[in-house]
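The values are calculated or read from the model by the stated rules, or taken from the named source; none is laboratory data. Just so it is clear, the model here is predicted, and its values are computed rather than measured. Quick reminder, even Gly has a Cβ in these numbers, built from the backbone with ideal geometry, and neighbours come from all protein chains shown.
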Amino acid sequence: MHELSVCQALIDQVARVAREQRAARVSVIHVSVGPLSGIEPQLLEQAYPLAAAGSLAEDADLCIESAPIRVYCDQCDKESTATASRLVCADCGNWRTTLVSGDELLLTHVELFREQAHV
């Protein structure tokens with residue numbers, strides 16, 4: 001299950017952001033996972049508590065959003081939605097397309113909590 005090592009890298013990245021922003025803890029982590037990324041969202045969710053244990057993100061919620069599969073067509077110069085088994089242009093049907101999105105795992109944003117200074 002490589003999702004655990006992916007989660008550990010994600011927690012490292014989130015911890016770096018939290019330190020830079022001087023956050024006391026992380027409340028929510030938002031990621032976008034493409035269907036062609038090789039990451040199983042359910043396995044990522046299962047690995048998350050283990051990877052986050054003892055970190056600033058230990059009690060944070062992990063929100064996983066699905067990224068669409070999009071392709072660009074050189075023939076008609078358009079971008080369109082595609083499926084994993086059919087990466088063709090939705091406008092002209094050309095099969096010579098370039099994958100634009102759908103193979104990524106992105107940390108989209110992090111919600112942080114800062115301790116308020118007592119005055």
| request: Say whether the condition of being buried (at least 19 other Cβ atoms within 10 Å of the Cβ), without any contact (Cβ under 8 Å) to a residue 60 or more places away in the chain and out of contact with any Gly (no Cβ under 7 Å at 6 or more places or on another chain) is met by at least one residue in region 108-117. | output: no
| query | Going by the structure shown, is D59 within 21 Å of the chain's Cα centre (by Cα), surrounded by 11 or more Cβ atoms within 10 Å (Cβ to Cβ) and not basic (K, R)? | reply | yes
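Rundown of residues vs (1) within 30 Å of Q116 (Cα to Cα); (2) among the hydrophobic types (A, V, I, L, M, F, W, C); (3) at pLDDT 95 or above; (4) in contact with a helix residue (DSSP H, G or I) (Cβ under 6 Å, 6 or more places away or on another chain), yes/no style:
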{"position": "A9", "(1), (2), (3), (4)": "yes, yes, yes, no"}
{"position": "Q13", "(1), (2), (3), (4)": "yes, no, yes, no"}
{"position": "E20", "(1), (2), (3), (4)": "yes, no, no, no"}
{"position": "L36", "(1), (2), (3), (4)": "no, yes, yes, no"}
| said: As an exercise: evaluate S85 against (1) modelled with pLDDT of 95 or more; (2) surrounded by fewer than 15 Cβ atoms within 10 Å (Cβ to Cβ) and give the number of the one condition it does not meet. | reply: (1)
